[in-house]
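Heads up, the thing below is written out as structure tokens.
A short reminder: the numbers here are calculations on the coordinates, not readings from a lab. Given the structure is predicted, the values throughout are model-derived calculations rather than measurements. Cβ sites come from the backbone with ideal geometry, for glycine too, and all protein chains shown count toward neighbours.
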Amino acid sequence: MDFKQEGWLPHLIDAIPIAARKNHTSLYTIALEGWRRGLKVSFFNSKHEGGKRIGCTLYHDGNPYHFIGSSGHLITDEIIDICDDKGLTNEYLSKAHVPIPEGKEFGEAASDEEIISYSKTIDYPLVLKPTDGKAGRGVIAGIESEKELKNALNVVKNRLGYKNILLQQYVTGDEIRIYVLDGRVLAASNRRPANILGDGVSTIKNLIIQKNELRKKVPSLYFRPIKLDKEVYNNIRLQGHTMESIPKKGERVLLRKISNLSRGGESVDVLDELTEEQKNIAVRATQAIPGLVQCGVDMILNDETGSGVILELNTRPGIGNHLFPVEGTAKDIPKEIVDFYIPETKGVHTEESVVYFEFKNVLDTLKEKVVEEIEIRPYPGSLISKRMVIEGAKDVRSIYSKIEKVINAHELHGYLRVLSNSESELVLGGGTEAGVEEATARLKDITGHNGLELTAVDKYEAPVLAGFRLLDKTSEMGLADLKKEIKGIREIESVINREKARIKRRIDLMQKSHSWKLSYPIRMSVAKIKVAARRMK
Amino acid sequence: MREKSAEWLPHLSGEIVSEAHGNYLDAYVVALEGWRRGLTLKWHVKESGKFPEMKTWFVDKPGQLFSLESDDKTHYFFRSRGDKVTNEAVEIGSDKESTKELLQHKGIKMPEGSIFTKETSDEAILRHASGMSFPIVLKPTDGSFGKGVITNIKNNDELKEALEYVRGKLNYSNVLLEEYIPGKEYRIYVVGDKVVGAMNRIPANVTGDGEHTVRSLIQRKNGDRALNPRLRSCPIIIDEEVERYLSTQDLFLDSVLDTGEQVFLTEKTNISIGGDPVDAFDDLSDGIKDSAVRALQAVPGLSHGAVDLIVHEETSEPYIIELNPTANLGGLLYPIEGQARDIPKEIIDYYFPETQDALRKTSIVYFDYREVLTPLQDKTAYNTKVVQFDYDEIHTRKFIIHGDVKSFVFHKWIKSKAKASGLHGFASLKPDESLEIVVAGVDQELVHQFRDILLENDGGFNINEVKEENYNETIKIGFEIEGEYKELLNNYKTVQRNLESSKKELKKLEKQYSNMLNSRAWKLTRPVRTVSGTIKKMYQRITKNSH
């Protein structure tokens, strides 16, 4: 198989609720780590960035530790301001003799002539960036000539309206993300563009479908399927394939050039491939900014020299790529972060935990801005869980309040999921096996009295959600989920429609082709013979 | 029908409390009062905060436990009862014997009576009763909602029948035999040393109009009750007991009553079985008020709560029936007749006297009760903190938009714009296909500027007209698209259907295509195509070169 989960952290497999997968994987995993250590955890609407972000607070001994994204309170607004400004970052970096691509920042007052005359002092190709651009916005890379530079300046300054820009030498090589905490390199990941790995049997189209199913298993890629668009078709064609080709076993077909996760890219752990020098540069880069204790360092590697240059310092890097790499080993960054901020809790081990908490209602409610802070129910400790099935003609929802009473009395966790009109699944987790058994016996009585049959199926080893809930298709979807779900379905549909259009074109071409037209009489007579033959039978 | 007038509190309108039913109503109105004064409001599950130490009941479902917090203190509440009422006081309140002891000590009267447990036989009770003066009352000690209460028992035979009914048929073995006090019964709410509200509970009744039968009068009355936040879940139920009671007055369900003729349907005054709450604050003499306060104060730690008493119709002396530390406030807030008394205000004044003078113009603001409880519902959360609302004034404006206003994308755009400006309010599609938008905020300028945002229309929507009006009704915080969820759900079903049909079409096309590819005719003509393809390519090359 293409994807491997072997290298993942067992306590995080299937323990990230869907609601946390879109934009909150980093925050959620840190909160989960703290929660599993027995800390009080609450989520709040942050006033940062226009009030759009959600943060969490871990409390230890009455002291609050705030996190927004993966970053704690030590990452101050001043630090963020420096790192958001590429020009300023470079000033700090070059002062500390950290290698960066050669370049210069130009303010609003700088004329195009001034910029062009500077460009003559460095080697082409060049890259032009706004100093305060986010996530690659407004970046024009691979400028090969003065003419192209003029064009790029026009686009970035006039069309996009950026005032302060940075002109740099365009360094080629693998661009990797290195996670540095407190002067230590914890993880490094490279991104691979959208791709499929041949198995010698399946067509490319089917491999993409399979790949998208696999991507759903990666929390950070759950909402990011590979979309089939012109670029993908072109790339496949350029490699001499079609959607129907069957790549050889082990043959990797790249579907895009760019490797953004949102465009179908995937993360690969490359920590072991870094040289000491490269790690050293990453650490020194973070140390160049006073107080930058945790950071996602973007570096372009130089394979020949074993060195690298720093492109960017990210103050709130996502850590999902390090937690769920499709190749290599996951690095337990949430553990390291909580260890760092609250070292008193270092001794508490959470690797065995199979309990996690729901995030959907927390997120939905905070987003509506009616509630500003939500404290999560404390970690219940390790659970012993069982799965059972309830069968019978009666709607199990009609006795839910009775079931709930038993659950409450025994302080159990889990869910009741309505599978069909006559079948439901019940998962119960409790602190002791006896507690679960007792509740099961009582529930057997209750269901029995109502003409339903409860059968204990097996031990339930997968992580259990804390609390208890009734799940059916619509109750599982809040407003935000519905929106996401609709968007998701539309995306899948557009893929299918594109495929439909493509086949239709093929069919049209065939039908218009001379030979198809020429063979019309043959086909017709064949068809007639077939019909006649059938009649004779 | 007799003219009845009731005056409710505008800041606790039926709409504001529409999500809070039964016992939840008490919690919501007190919490809302504190929240509107700028106190921090949190909703809890029973394990959170100080609640494990507080006496509470039936609190597996969230919505009855909350805390209010100012800079220097936090108070915890269960329904209408705060933590200034001690657990001991709650225990005494639920135990008649110890209440009586304390009251007698202060010279306050309770009806004479004795409790009998299931060990005592009916005969023994009858023997004991022969030493009491009739009429008497029989009550189950652990009953509720007036169930099994038999009043005005006049002799031994009636008592025997009553015992058989209550202990035998209803299976309440523990009963209380009490002296019957003739007179009006009041529920009086006391906070500290002040009576802040009083009501008289009138047994379920109807008033004739010379036209309708008792049955249809009851139905009509239930219709009215459904509009009353306190009474909506307490309709008059037509049962055997009602019929029996009517028959003692020579009436039937099909009897037509004269205009203005009031007929009682039971003797029991409980609101939950159809009784009417009627404001009686101004009826009370200072003496009665004083007795109520003294009765409450007789119990140590019972700093606020309800006192149920009967004023003897001859001696005018009050007899305390019961003390209720966790009283329903609904009847006092939504009387069928008379004036509502603002008990929540008095309770918050008592707990947070420093906020007493904060005269706010924000009493039209409230929060969605269901929304704030959602994370507590599945036991994910321990407590939720309602968005702080510490403002003296709020500005509102209504906009009516005509044009292409039905699209979901447009509604989403409006919501995001309102949120970006920090405004509260709602958008609601009107039957004439216009969209009504109400925005509210503390910054007047931002509220008015919303018109410019709509006109600027950076989403490029098809808007014809934006009209502006004043708006003085209630504001729920957050921004709601009315019917949004339903719309989305429909939307979801549609896209799912589309997806299914697209999938089917794709399969059909694929099949057609592969049939064509595999058809013998296509295979047969393959050499022709290859040759003609080669010729075409050559031709293209030639023409290209010649250019």
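How many percent of the alpha carbon pairs in region B:112-180 exceed a separation of 21 Å?
9
Where Rh denotes the Kirkwood radius from the mean inverse Cα pair distance, what is Rg over Rh for region B:214-360? Spell out each step's value before the answer.
Numbers: Rg = 18.7 Å, Rh = 18.0 Å.
Radius of gyration over Kirkwood radius for region B:214-360 works out to 1.04.
Relative contact order, percent, of chain B when contacts are C-alpha pairs under 8 Å separated by at least 6 residues?
Details: 952 pairs, mean separation 92.5, N = 547.
Averaging sequence separation for qualifying contacts and normalising by length gives 17 percent for chain B.
Please state the relative contact order of region B:209-266 as a whole percent: Cα pairs under 8 Å, 6+ residues apart?
This gives 54 percent for region B:209-266.
What list of ³J(HN,Hα) couplings, whole Hz, do you get for region A:290-302 from phi and the Karplus terms 6.51, -1.76, 1.60, once you set θ to phi - 60° and write x for glycine and proline?
x, x, 7, 7, 9, 6, x, 8, 8, 9, 9, 7, 10
Using DSSP, restrict attention to beta bridges with both residues in the protein assembly as shown and report what percent are antiparallel, rounded to the nearest 5.
Percent antiparallel among DSSP bridges in the protein assembly as shown is about 90.
Please name whichever of B:SER121, B:VAL149, B:GLN512 sits farthest to the positive end of the charge dipole of chain B, dipole taken about the Cα centre and charges placed at Cβ: Lys and Arg +1, Asp and Glu -1.
B:GLN512
Using modelled amide H (1.01 Å from N, peptide plane; none on Pro or chain starts), what sits under 5 Å from the amide H of A:ASN164, excluding residues fewer than 5 places away?
Excluding prolines and chain starts, which carry no amide H, the hits are A:THR131.
By a straight-distance test (C-alpha under 22 Å), which lysines pair with A:LYS331 as possible cross-link partners, with residues fewer than eight away in the same chain excluded?
Cross-link targets: A:LYS4, A:LYS22, A:LYS216, A:LYS217, A:LYS279, A:LYS346.
Above 22 angstrom, tally the Cα pairs of region B:395-482 and express them as a % of all pairs, no decimals. Write out the running numbers ahead of the final one.
Working: 529 of 3828 pairs.
In whole percent, the long-distance tail amounts to 14.
Can you sort A:LEU509, B:LEU65 so the residue with the fewest Cβ neighbours within 10 Å comes first?
Starting with the residue having the fewest Cβ neighbours, the order is A:LEU509, B:LEU65.
If R₀ is 41 angstrom, what is the calculated FRET efficiency for the pair B:SER255 and B:ASN174, using the beta carbon separation as r and rounding to 0.05?
For B:SER255 and B:ASN174, the calculated efficiency is 0.60.
Please compute the net charge surrounding B:ILE153, taking Lys and Arg as +1 and Asp and Glu as -1 over other residues with Cβ under 15 Å from its Cβ.
That sum, taken over residues with Cβ under 15 Å, equals -4.
Given the Cα-Cα distance of B:LYS493 and B:GLU433 and 0.36 nm per residue of separation, how much length would full extension add, in nm?
Here the answer is 19.3 nm.
Quote the Stokes-Einstein diffusion coefficient, in whole µm² s⁻¹, for the protein assembly as shown, based on the Kirkwood radius over alpha carbon pairs, a temperature of 20 °C and a viscosity of 1.002 mPa s.
60
With a ≥ b ≥ c the root eigenvalues of the C-alpha gyration tensor of region B:209-266, is it rounded (a/c under 1.5), prolate (a/b larger than b/c) or oblate?
Oblate, because a/c is 1.5 or more while a/b does not exceed b/c.
Stretch B:GLU211-B:THR117 to full length: gain in nm at 0.36 nm per residue minus the Cα-Cα span?
Value of the extension gain: 28.9 nm.
Under unit Cβ charges (Lys, Arg +1; Asp, Glu -1), what dipole magnitude, rounded to 20 debye, does region B:395-482 have relative to its Cα centre?
Its charge dipole is roughly 260 debye.
Could you pull out every residue, at least 5 positions away or on a different chain, whose amide H is within less than 5 Å of the one on A:CYS295? Hs are placed 1.01 Å off N in the peptide plane, and Pro or chain starts have none.
Those lying under 5 Å, H to H, from A:CYS295 are A:VAL180.
Within a 10 angstrom radius of each residue's Cβ in B:383-390, how many Cβ atoms of other chains show up on average? Whole number is fine.
Values: counts 7, 12, 8, 4, 8, 2, 0, 0.
If you average over the peptide's residues, the count of other-chain Cβ atoms is 5.
How about region A:19-113: which GluC sites (Glu not before Pro) there are in a DSSP loop, with at most 14 other Cβ atoms within 10 Å of their Cβ?
Passing sites in region A:19-113 are A:GLU108.
Restricted to Cα positions, what overall size does chain B have along the principal axes? Three whole-Å values, descending.
Result, largest extent first: 130, 59, 54 Å.
In whole percent, what relative contact order does region A:194-264 give with Cα contacts below 8 Å and a gap of six or more residues?
Numbers: 107 pairs, mean separation 37.3, N = 71.
About 53 percent, as a whole number.
What does the net charge come to around A:PRO64 if you take all other residues with beta carbon closer than 12 Å to its beta carbon, with K and R at +1 and D and E at -1?
Every neighbour counted, the sum reads -2.
I need the Debye-formula profile for region A:194-264: one equal scatterer per C-alpha, no solvent, reported as log10 I(q)/I(0) at q = 0.15, 0.22, 0.26 1/Å, two decimals.
Each listed q corresponds, in turn, to -0.44, -0.93, -1.23.
A 25 angstrom limit on the alpha carbon distance is what I want to check against. Which of A:LYS405/B:LYS73; B:LYS100/B:LYS345; A:LYS360/B:LYS493; A:LYS367/B:LYS476; B:LYS96/B:LYS194 exceed it?
A:LYS405/B:LYS73; B:LYS100/B:LYS345
Loop only by DSSP, 16 or fewer other Cβ within 10 Å of the Cβ. Give me the trypsin sites (Lys or Arg not before Pro) in region A:117-187 that pass, ordered by residue number.
Here the trypsin sites (Lys or Arg not before Pro) that fit, given the DSSP loop and packing criteria, are A:LYS120, A:LYS134, A:ARG137, A:LYS163.
In whole Hz, with x marking every Gly and Pro, tabulate ³J(HN,Hα) for region B:294-307 from phi via Karplus 6.51 cos²θ - 1.76 cosθ + 1.60, θ = phi - 60°.
5, 4, 5, 6, 5, 8, x, x, 9, 7, 7, x, 9, 10
To the nearest whole number, what is the average tally of beta carbon atoms from other chains within 10 Å of the beta carbons of peptide A:359-370?
So the per-residue partner count for this stretch is 6.
Taking the Cα centre of region A:194-264 as the origin, how large is its charge dipole in debye, to the nearest 20, when only Lys and Arg (+1) and Asp and Glu (-1) carry charge on their Cβ atoms?
220
Give me the net charge of B:ASP349's neighbourhood, meaning all other residues with Cβ under 11 Å from the Cβ of B:ASP349; Lys, Arg count +1, Asp, Glu -1.
Around B:ASP349, the surrounding residues sum to -2.
Dipole size in debye (nearest 20) for region B:209-266 around its Cα centre, Lys and Arg Cβ +1, Asp and Glu Cβ -1? Mind dumping the intermediate values first?
Numbers: 7 positive and 11 negative charges, 95 e Å.
The dipole of region B:209-266 has a size of about 460 debye.
Roughly how many whole Å is it from the C-alpha centroid of region A:118-133 to that of region A:279-319?
When both Cα centres are located, 20 Å separates them.
If you count, for every residue in A:401-414, the Cβ atoms of partner chains within 10 Å of its Cβ, what is the mean? Walk me through the intermediate numbers first.
Details: counts 2, 0, 0, 3, 1, 0, 2, 4, 1, 0, 2, 0, 1, 0.
Counting Cβ atoms of other protein chains within 10 Å of each residue's Cβ and averaging gives 1.
Classify chain A as rounded, prolate or oblate from the Cα gyration tensor: take a ≥ b ≥ c as the square roots of its eigenvalues, call it rounded if a/c is under 1.5, otherwise prolate when a/b beats b/c and oblate if not.
In terms of gyration-tensor shape, oblate.
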